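Encoded as structure tokens, the structure appears first; notes follow it.
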Amino acid sequence: MKTATDSMKKAPLEEGTVLPLMEEFYTIQGEGFHSGKAAYFIRIGGCDVGCHWCDVKESWDAKLHPPTSVDQIISNAAGFPGKAVVVTGGEPTMYQLNYLTMELKKKGIQTFLETSGAYPITGEWDWICLSPKKTMAPRPENFEKADELKIIVYNQNDFVWAEKNAELTGADCKLFLQPEWSKSAQMIPLIVDYVMNNPKWNVSLQTHKYMHIP
């Protein structure tokens, strides 16, 4: 049975004034449309999408990551010259993100979201990167919100999966195919050929891994 104290402890998380922070760092965005841009990354713990090739499985269990004041996170981000924040996970849309984005925008910081689209999207975003996963499909309304569709290519069947998802996006959505890191050597030649034959798509690489930065 929940007590009044339990409800009080839960309220800040529901309101989005605290978040289970896994890590935060200033770096160069390595993937997709904004690749090469200086940005402050906020990685939020908690994810039940369950991609077998996920390279941050340590983010899945939210209980491993301490509830952290969003005001402190914003203060940390504002201390760097690059006025762009990437909110990623885990799956950040499991949480209420209105307060985070509202306060970042007050400081003139652009807000970029990386999400599987499996949950409702809250917050005010300058850019939404939708990266659908087969284990938990995006909510239909999130395709319309996507500025960028990023499909991770693990095998040849993922090209079919990519086209099915692209059909659901808006006309202005940027389309990217990105090799899953452990399969890069096998998948990059296939992606190159596919994009050359289907030029509505672009190639995305995890350039931060080549540069050996976070």
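The values are calculated or read from the model by the stated rules, or taken from the named source; none is laboratory data. Computed from a predicted model, the values in this text were never measured in an experiment. All Cβ positions, even for glycine, are placed from backbone atoms using ideal geometry, and neighbour counts span all protein chains on display. Heads up: the accessible areas ignore ligands, DNA and RNA and are worked out on the full protein's heavy atoms, side chains in. Shrake-Rupley method; radii C 1.70, N 1.55, O 1.52, S 1.80 Å.
Some notes on this structure:
- Backbone N within the stretch 120-142 under 13 Å of label point (7 Å from Lys164 Cα along the Cβ vector): 132-138
- Full-extension gain in nm, Asp172 to Ser69, via 0.36 nm per residue minus C-alpha separation: 33.5 nm
- Rounded to whole numbers, the Karplus 3J(HN,Hα) couplings from phi for the stretch 137-143 are 5, x, 5, x, 5, 6, 5 Hz, using 6.51 cos²θ - 1.76 cosθ + 1.60 with θ = phi - 60°, and x at Gly and Pro.
- With both labels modelled 7 Å from their Cα along Cα-to-Cβ, the Asn197 to Lys83 distance reads 4.5 nm.
- In the stretch 111-214, Cα pairs under 8 Å separated by at least six residues give a relative contact order of 20 percent.
- Our summary gives the stretch 92-142 a relative contact order of 36 percent, counting only alpha carbon pairs under 8 angstrom and 6 or more residues apart.
- C-alpha long axis of helix 157-166 to longest principal axis of the chain, angle in °: 70 degrees
- Label selected from (1) 18.5; (2) 17.9; (3) 19.3, the criterion being Kirkwood radius over Cα pairs in Å as computed here: (2)
- With Cα atoms, 0 to 90° folded angle of helix 4-15 axis to the chain main axis: 40 degrees
- Relative contact order, whole percent, for the chain stands at 18, derived from Cα pairs under 8 Å and 6 or more residues apart.
- Taking trypsin sites (Lys or Arg not before Pro) across the stretch 48-129, the ones in a DSSP loop with at most 16 further Cβ atoms lying within 10 angstrom of their Cβ are Lys83, Lys107.
- Normalised per residue, the accessible area of the stretch 56-214 is 49 Å², obtained with a 1.4 Å probe and no contribution from ligands, DNA or RNA.
- The share of accessible area on the chain that comes from carbon and sulfur is 56 percent, using a 1.4 angstrom probe.
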